[in-house]
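For reference, the structure is listed below as structure tokens.
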Amino acid sequence: MNAVEVTDLTVAYGEKPVLWDVDLDVPKGVLMAIVGPNGAGKTTLMRTILGMVKPAAGQALVHGRPYEEQRLLVAYVPQRGSVDWDFPTSVLDVVLMGRYGRLGWVRRPGSEDRAAAREALEQVGMSELAGRQISQLSGGQQQRVFLARALVQHAEVYFMDEPFQGVDATTEKAIVELLRALRARGKTVVAVHHDLQTVPEYFDEVTLLNVRRIASGPVSECFTEENLRRTYGGRAAFFGTNGA
Amino acid sequence: MPELSLLGLALLSDYTLRTVALGSAALGITSGALGTFAVLRRQSLLGDAISHAALPGVALAFLLTGSKASLVLVVGAALAGFLATLLVIGVVSTTRIKYDTALGIVLSVFFGFGLVLLTLIQRRPDASQAGLDRFLFGQAAALLQSDLVTMGILGGAALLLMLLAWKELKLLAFDEDFGTSLGFPMRALDVLLTALLVVAIVIGLQTVGVVLMAAMVIAPAAAARQWTDRLGTLAALAAGFGAAAGVSGAVLSSETERLPTGPTIVLCATAIVLVSLLLAPRRGLVWRELRGRRDRRKLRLAAVLADLRALELQHPGDEHGHSAGVLSVMSGGAEASLLELHRRGLVKRLGPDAWTLTDAGRTETSR
């Protein structure tokens with residue numbers, strides 16, 4: 001059984017198709033990048049799998065069942081820029097939000113949750129900043145907090161929307177280490193990624209997406225110039241530079 | 001202070017005053033605490049729309065039932081306020097009109113309709129309608145014990161629900177998408193929060209009035225945000241500020257002739273906001289100005305020291321020192337800085353206007 005199986009997924013906003021008849025299999029225990037130009041539907045694909053967008057057709061399964069039944073197996077890292085970092089709360093508090101799904105309604109996080117949150121902060125190298133107000137974090141630190149929040153979900157499949165967006169080199173390295181550690185423990189990671197150059201180094205599998213799925217599979221087979229040209233159209237020239 | 005203890009005594013003994021104080025404290029606590037979420041979600045103006053939209057609800061409730069019981073009017077106000085919110089959401093999702101425009105349209109249409117109804121009611125020959133116009137600008141002195149019970153029960157229930165759904169509401173305010181991914185019904189939580197906000201607003205309408213009630217939602221939270229970086233403290237502080245503004249304004253207006261309650265309460269809330277904007281540590285204007293001055297002075301001193309060091313390196317073996325004029329050309333207004341550096345033993349005087357670094361000053365520049 002695959003970690004994620006998407007079949008015939010079609011999503012449209014109004015009349016404009018954002019995803020068209022997309023099939024996608026993510027084997028367990030791999031790191032997969034989703035790449036494609038702006039507006040290719042990468043984020044939408046992720047949000048549809050996670051039940052935030054209703055598809056016009058098709059379905060997505062996580063570990064063989066619809067996402068609604070498998071929430072505890074899934075962790076999600078939204079784009080860093082999607083929240084207000086001036087919100088009055090602390091680093092530890094944001095990480096604890098990763099436990100809310102397990103806690104269910106009304107119940108507050110307890111000492112066990114706090115311990116899990118501190119452990120996750122340690123894994124992303126942020127232990128000392130647990131009590132810090134989140135507005136005082138750098139971009140890289142914000143991303144680490146979001147990753148820690150996903151880690152405390154103790155999930156099997158991790159969906160990350162541009163985890164490397166706007167982070168410094170040290171953080172990028174730390175995130176790569178973290179992804180590999182997750183893979184070593186048999187976890188699956190699916191990440192929207194923008195930097196084509198680093199795809200072969202960071203990921204095992206890749207999905208090239210531009211409304212339709214152009215190719216999907218091991219990087220060595222799918223990450224070809226031909227496929228990239230088909231994905232990015234005339235703009236394939238920037239393969240080898242810093243991707244869009 | 002004798003006046004204060006006198007006021008305290010009056011609060012305990014005077015029935016009207018006690019009712020006024022308790023009622024306005026209840027409305028201040030509720031609107032302050034729930035306003036926190038409205039402000040954090042950038043929905044301050046939703047509060048304004050809800051309160052203005054409540055007016056036709058009050059008028060219709062009276063026309064339909066003939067009753068002026070606060071519960072009846074409050075229910076009418078709440079239904080109208082909630083309907084207005086639904087309309088705003090409907091307009092935004094079905095047309096190309098943006099959120100702020102939709103708020104403006106719904107607010108003015110409902111408020112206008114409410115004013116028309118109010119005028120019609122007041123033209124009626126019998127005296128039963130007297131006093132409905134207090135919903136415009138509020139009248140704390142008209143609060144009755146029965147109103148207190150209504151306000152207390154509704155406000156208490158709203159606060160209790162807020163506390164029960166605290167972590168879910170925090171999720172809604174901070175990261176709605178993540179909440180959805182965890183399986184919480186974020187749309188329903190949004191509706192819940194709006195409903196609680198409606199309750200917080202309608203229980204204050206009789207005291208503060210529809211025109212200014214939004215200030216009781218916005219001002220306490222805005223003031224409290226200056227003082228804290230924690231959500232729990234923020235809500236508690238906003239509740240406290242709301243109560244303080246409510247009680248002081250209501251008591252002032254009911255002790256003074258012809259002083260309308262709503263505007264007085266809002267002025268008290270404004271005073272709290274002003275003090276917070278000016279004096280709060282770290283975020284306050286005064287604090288920031290003082291820190292700015294300290295930083296600038298530090299920079300000036302460091303610049304003069306660095307200039308002296310540069311001159312020293314350019315003129316090795318020079319025994320005469322350098323004048324303030326030369327240094328001023330380099331970084332401007334050096335005299336005061338030189339005196340301060342002299343006081344700290346970082347520079348020494350070789351003549352009336354000839355300066356050079358001391359050993360300590362030299363160490364300082366190489367740090």
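The values are calculated or read from the model by the stated rules, or taken from the named source; none is laboratory data. In this text, all values refer to a predicted model and were calculated from it rather than measured experimentally. Because the Cβ atoms are built from the backbone with ideal geometry, glycine has one as well, and the counts that use them run over all protein chains shown. Accessible surface is based on the protein model in full, side chains and every heavy atom, while ligands, DNA and RNA are left aside. Shrake-Rupley method; radii C 1.70, N 1.55, O 1.52, S 1.80 Å.
If the condition is being in a loop (DSSP other than H, G, I, E, B) and either touching a strand residue (DSSP E or B) at 6+ places or on another chain (Cβ under 7 Å) or on the phi > 0 side of the Ramachandran plot (or both), then region A:137-168 contributes A:153, A:154, A:155, A:156, A:162, A:163, A:166.
Looking only at region A:123-171, residues that are of a type in the set (Val, Ile, Thr), within 14 Å of chain B (Cβ to nearest Cβ) and under 12 Å from residue A:95 (Cβ atoms) come to 3 in all.
A Cβ distance below 7 Å, combined with a sequence gap of six or more or placement on separate chains, defines the contacts here; from region A:74-92, residues that are at the interface with chain B (Cβ under 9 Å from one of its Cβ atoms) reach residues that are of a type in the set (Val, Ile, Thr) in the pairs A:74/A:62; A:74/A:157; A:87/A:134; A:88/B:228; A:89/A:134; A:90/A:134. Determine whether region B:240-250 contains at least one residue that is at pLDDT 95 or above, among the small types (Gly, Ala, Ser) and farther than 18 Å from residue B:148 by Cα. Within region B:240-250, one or more residues are at pLDDT 95 or above, among the small types (Gly, Ala, Ser) and farther than 18 Å from residue B:148 by Cα. In the set (1) open to solvent by less than 20 Å² (accessible area, probe 1.4 Å); (2) free of Cβ contacts under 8 Å to residues at least 60 places away in the same chain; (3) under 17 Å from residue A:80 (Cβ atoms); (4) within 14 Å of chain B (Cβ to nearest Cβ), residue A:117 fails one condition alone, (3).
Residue count for region B:180-232 satisfying the condition of being within 14 Å of chain A (Cβ to nearest Cβ) and at positive phi: 1.
Kindly indicate whether residue B:169 is under 14 Å from residue B:68 (Cα atoms), away from chain A (no Cβ under 11 Å) and open to solvent by less than 10 Å² (accessible area, probe 1.4 Å). Judged against the criteria, residue B:169 is not a match. May I ask you to verify whether residue A:174 is of a type outside the set (Ser, Thr, Tyr), modelled with pLDDT of 90 or more and open to solvent by 30 Å² or more (accessible area, probe 1.4 Å)? Against the criterion (of a type outside the set (Ser, Thr, Tyr), modelled with pLDDT of 90 or more and open to solvent by 30 Å² or more (accessible area, probe 1.4 Å)), residue A:174 qualifies. Restricting attention to region B:241-297, the residues being in a loop (DSSP other than H, G, I, E, B) and under 21 Å from residue B:214 (Cβ atoms) number 2. Return the residues of region A:75-93 that are part of a helix (DSSP H, G or I) and surrounded by fewer than 18 Cβ atoms within 10 Å (Cβ to Cβ); say none if nothing qualifies. Answer for region A:75-93, where residues must be part of a helix (DSSP H, G or I) and surrounded by fewer than 18 Cβ atoms within 10 Å (Cβ to Cβ): A:81, A:82.
On the given criteria, is residue A:97 under 19 Å from the mean Cα position of the chain (by Cα) and of a type outside the set (Lys, Arg)? For residue A:97, the condition - under 19 Å from the mean Cα position of the chain (by Cα) and of a type outside the set (Lys, Arg) - is met. Name the single residue that is surrounded by the fewest Cβ atoms within 10 Å (Cβ to Cβ) among those in region B:318-367 being touching an Asp or Glu at 6+ places or on another chain (Cβ under 9 Å) and part of a strand (DSSP E or B). Result: B:350. Among the residues making up region A:13-58, those that are without any contact (Cβ under 8 Å) to a residue 60 or more places away in the chain, away from every other protein chain (no Cβ under 14 Å) and touching a strand residue (DSSP E or B) at 6+ places or on another chain (Cβ under 6 Å) are A:55, A:56, A:57, A:58.
In the set A:6, A:22, only one residue is farther than 25 Å from residue B:175 by Cα and in contact with a Ser or Thr (Cβ under 8 Å, 6 or more places away or on another chain); that residue is A:22.
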